[in-house]
Amino acid sequence: MEHIYGKQGQHRLVITNRESLEVTGVVHVDSFDDEEVVLETDQGLLAIRGEDLHIKNLNLEKGELAIEGLVLELAYSEDRRLRDRGKGFLGRLFK
């Protein structure tokens, strides 16, 4: 199945107790800090918001990412233009 963003791949999210997140289908990490991680995935841009976030594992060859910290919000967007740095990703998404 062809997706608007690109070819559909194996994209999966696994959240455990809101304290860890495993993501597959990761193409690129756009930005990250302890409150927000923005990824390009096979299914579009994904913003992960939380507290004390840190990347535990990243393997772009396999498209895998593991994050630890308190997960508060997840949001997708297919608009690649949302990468500008003026505001946080979710602030731009929910204008």
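Here, each number is a calculation from the coordinates, and none is a lab measurement. Computed from a predicted structure; not experimentally measured. Here the Cβ positions follow ideal geometry from the backbone for every residue, glycine too, while neighbour counts run over all protein chains shown.
Things to note:
- Computed over all pairs of different Cα atoms, the Kirkwood value for the hydrodynamic radius of the stretch 12-80 is 11.6 Å.
- Taking the average, over residues, of other Cβ atoms within 10 Å as the packing measure, peptides 21-28, 49-56 rank 21-28, 49-56 from highest down.
- For the pair GLU35 and GLU73 in one chain, pulling the backbone fully straight at 0.36 nm per residue adds 12.6 nm over the alpha carbon distance.
- Spin-label proximity, SER20 to the stretch 37-57 - amide N less than 16 Å from point 7 Å beyond Cα toward beta carbon: 53-57
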